[in-house]
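A short worksheet on the structure shown next.
A short reminder: the numbers here are calculations on the coordinates, not readings from a lab. Nothing here was measured: the structure is a model prediction, and the numbers come from that model. Virtual Cβ from ideal backbone geometry, glycine too; neighbours counted across all protein chains shown.
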Protein chains: 2
Amino acid sequence: MTETSPWDQPRTSLFTDHYELTMLQASLHSGAAHRQCVFEAFARRLPDGRRYGVVGGTGRLLEGITKFRFTDEELSFLERTRVVNAETLDFLAGYRFSGNVFGYAEGEAYFPNSPILIVESTFAEACILETYILSVLNHDSAIASAASRMTTAANGRPCIEMGSRRTHDESAVAAARAAVIAGFSSTSNLAAGLRYGIPTVGTAAHSFTLLHDTEREAFEAQVASMGPGTSLLVDTYDVERAVRTAVEIAGDKLGAVRLDSGDLIDQAHWVRQLLDELGNENTRIMVTSDLDEYAIAALQSAPVDAYGVGTALVTGSGAPTASMVYKLVAHTDDSGEFVSVAKAAKNKASVGGRKYALRRLDERGVASHEVVGVGRRPVDDGNDRSLLQHFIVDGELKPGWIGAEGVTKARERHAASLAELPASVHRMHRGEPAIPTVYEEH
Amino acid sequence: MTETSPWDQPRTSLFTDHYELTMLQASLHSGAAHRQCVFEAFARRLPDGRRYGVVGGTGRLLEGITKFRFTDEELSFLERTRVVNAETLDFLAGYRFSGNVFGYAEGEAYFPNSPILIVESTFAEACILETYILSVLNHDSAIASAASRMTTAANGRPCIEMGSRRTHDESAVAAARAAVIAGFSSTSNLAAGLRYGIPTVGTAAHSFTLLHDTEREAFEAQVASMGPGTSLLVDTYDVERAVRTAVEIAGDKLGAVRLDSGDLIDQAHWVRQLLDELGNENTRIMVTSDLDEYAIAALQSAPVDAYGVGTALVTGSGAPTASMVYKLVAHTDDSGEFVSVAKAAKNKASVGGRKYALRRLDERGVASHEVVGVGRRPVDDGNDRSLLQHFIVDGELKPGWIGAEGVTKARERHAASLAELPASVHRMHRGEPAIPTVYEEH
């Protein structure tokens, strides 16, 4: 895809809260805008009962940061609406992030207070990225975290992302991307196919059957046009009759039947038996009716070959945002020395200081702790895995994190990260985070 | 904003599920693609316990339908990935919606089975719009529905939308738009300001205070740059000390103080008293800590002047999607006669046939029923208000529905629609839909 694709967001700078720019203005006025700062994105907690979260959105975010520019259109809007003064507009006109960004690589598991993204730059440069950074990480990580539980529950059977219709049109594309990183095999979303090279799939809906005078005519049309390997939707009228009709028309090469309503466990059993009796041992059964991780787990013993997941995936299965925050944790003072900072607000306390992070593994390679060093790297005990990657070096994006390559690598990384966690994460029941986060201060 | 703005989505055609295009291919093959069809978008139920829903997204959707085109980039992607065959690609290359779209106007209240959008065209033209239509309506209506409960709970005090960081970057813009339609006064989201002319607001976050050596220096910088009418965030360290410092620096012209943590009811009372004692009777108190409609209602008796709402708004306050579906309800047969259709699936039954809708009002003008005519208009009893608007006439968008004009009108319409409903909708407790939906068949 070229830089000029209409499917490529050309600019990200106004995905920003008004107050980021007024803070910029006031700090330019006081001069504090030029202090070197460390900002940190983290989640104080996981969604209730979850054992782990999954970092999603990093590749999308890093690409977006390179497009965080203010051109005539944005500047004239900000001037016309008097959001900021002339000095600030001048600064924005020349804005180009020149600092450093570190963070957990996409697909990595995370825990409460994991320092998921660290931005080092002047206050002016780092402050105004806040809203965009959080939008991307909060949405995509919420989806990746839910998706990971679903693919875990599916235990190797393919999961197909098909939730586009139940979320915002652009969120749907990001959700498909996040789902595939967390182990989904494919998506229904065509824009995700174009933008990220993700495989897309789909055959037909109830409307296609209803459009024809009979179910038989609909199936004949679909098989004639798409071949017998297609997937036929068999629950528009009577499932048993539909399965028999499907096999009559497509023969033993029928690719799959899809069930989208009713008691899926019961139906899967007798439809499997019926297909086998008709000689269609190789025809797969796909189910798609409002599935979430619990329904997928319940279908584990049923003869189901693939799960199509929609609403629960794109809404984060009860946790539609990852609740990450972006906090100033250190800045230089007038002497150029770094000082750690944190607000004292009662129910929202944070730990100040630049963070470093390791995943501590036991002798079998199983994760035991998330070790967060405050102000310096924790001491590696020999089995530790360093978690922070250096994504942007003095304003330059390091290669390999974005686009289709980023998605592929993140998918592999997610599988490896999950394999390293204690077995408890494979259970769907509610509990504490799979490993504790410990601080190493000095 | 011109048509070539980088903030304007130039194309919407791939916000589409793969199966819409394979259904198109198979129906072109069978010839059924050219049958005249009626599709209907509706919600089978409201989110659990909600009394009404609010239609959101219509303006955004209608504009998007005009951009639903397939140019070289989309066509070469579909060809390269073999989503559809050459005949289908030819059809898509010439695609331009030429049918009719009717529906509930944006901002209107809706109920279970209200026919929120009706699309009349050939199967080929109407089918492939499904995913995009549902994405827009499901997201924006979920946000508008939650927002309406919040502005109702706020009972005239302004609500400010500030949830951008907790949802996808583009969803945030649509959420700001939907919130304003449902009565919010403004948003923090700058892109929503540019795209829809919505007022944007914001001043400073904790990071701005932490950046400076003292809270006093931070307040001085902000007041010096933005004037005493600004809003100062007073809970970074000690609220009482911060309020006193704020008044010392800004004087009696201080615009507002903002509380973002702790017991907001208790704080609002003593901060009000303190401000009054200091001579700042005109300084407002704004609160912003994880508010939802219940927290807003609980703050009703506290001396609060404005609510900033984030996470709960952009996640639909527990209902992040409106769960609308898009169903084929009628099509022509080979003789050109319309036949009503509906699938028989157990837990997802629908009512076939073209729908018409009225809101039945009693003699005092209070809504009593949602009357849905099947196959023909219901008989107007004299106090009924017709609900279906004709948005697109033979492919041409009627003026007045999109852009800033559409938002303004939708906001007024929402207020009028809500005023018409029984008083029960103003209560936050869970219950049945405020009025029953009744079918008038013949």
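Assorted remarks:
- Extension gain, residue A:429 to residue A:266, is 56.3 nm, computed as 0.36 nm per intervening residue step minus the present C-alpha separation.
- Distances between placed amide hydrogens fall under 5 Å for residue B:389 paired with B:103, B:104, B:105, all partners being 5 or more residues away or on another chain.
- Label point distance in nm, residue B:363-residue B:80, each placed 7 Å from Cα along Cα→Cβ: 7.0
- Angle between chain B longest axis and helix B:130-154 axis [Cα atoms, degrees, rounded to 10]: 30
- Relative to the dominant Cα principal axis of chain B, helix B:18-30 is inclined by about 20°.
- Computed from label points 7 Å out along Cα-Cβ, the spacing between residue A:281 and residue B:281 is 9.0 nm.
- The range B:1-64: C-alpha gyration tensor shape, a/c 1.5 cut-off, then a/b vs b/c: oblate
- Space enclosed by the convex hull of the alpha-carbon atoms of the protein assembly as shown, per residue, Å³: 153
- Between the residues B:383, B:315, B:232, the greatest Cα displacement towards the positive end of the dipole of chain B, with unit charges on the Cβ of Lys, Arg, Asp and Glu, is found for B:383.
- Length, then width, then depth: along the principal axes, the Cα atoms of the range B:155-316 run 40, 33, 23 Å.
- Our note on the geometry: Cα centres of the range B:282-314 and the range A:295-316, 38 Å apart.
- Hits among lysines - C-alpha to C-alpha of residue A:355 under 23 Å, sequence gap 8 or more where chains match: A:327, A:343, A:346, A:398
- Working from Cα pairs under 8 Å separated by at least six residues, relative contact order for chain B is 23 percent.
- For residues of A:157-168, the mean tally of beta carbons on other chains within 10 Å: 6
- The residue B:69 and residue A:397 beta-carbon pair, evaluated with R₀ = 30 Å, returns a calculated FRET efficiency of approximately 0.40.
- Relative to the longest principal axis of the Cα atoms of chain B, helix B:215-226 runs at roughly 60 degrees.
- Largest-first principal axis extents, alpha carbons of chain A, Å: 82, 57, 38
- In the range B:80-127, the ratio of gyration radius to Kirkwood radius, Rg to Rh, stands at 1.17 when only Cα atoms are counted.
- Other-chain or far-sequence residues with amide H under 5 Å of residue A:437's (modelled H): A:370
- Taking a Cβ cut-off of under 14 Å around residue A:39, the surrounding Lys, Arg, Asp and Glu residues balance to a net charge of +1, with basic ones at +1 and acidic ones at -1.
- With its label point put 7 Å out from Cα toward Cβ, residue B:430 sits 1.5 nm from the same residue's point in the other copies, in order from shortest.
- Separation of the residue A:334 and residue B:300 label points, Cα + 7 Å toward Cβ, nm: 5.2
- Structure-based [θ]222 nm, chain A - -39500 (n - 2.57) summed over DSSP H runs of at least 4, per residue, nearest 500: -11000 deg cm²/dmol
- Largest GNM mean-square fluctuation across A:310, A:403, A:59, computed for chain A with C-alpha springs under 10 Å, falls on A:403.
- Restricting the calculation to Cα atoms, every distinct pair contributes to the Kirkwood radius of the range A:26-158, found to be 16.7 Å.
- Unit charges on C-beta of K, R, D, E only; dipole of the protein assembly as shown, Debye: 840
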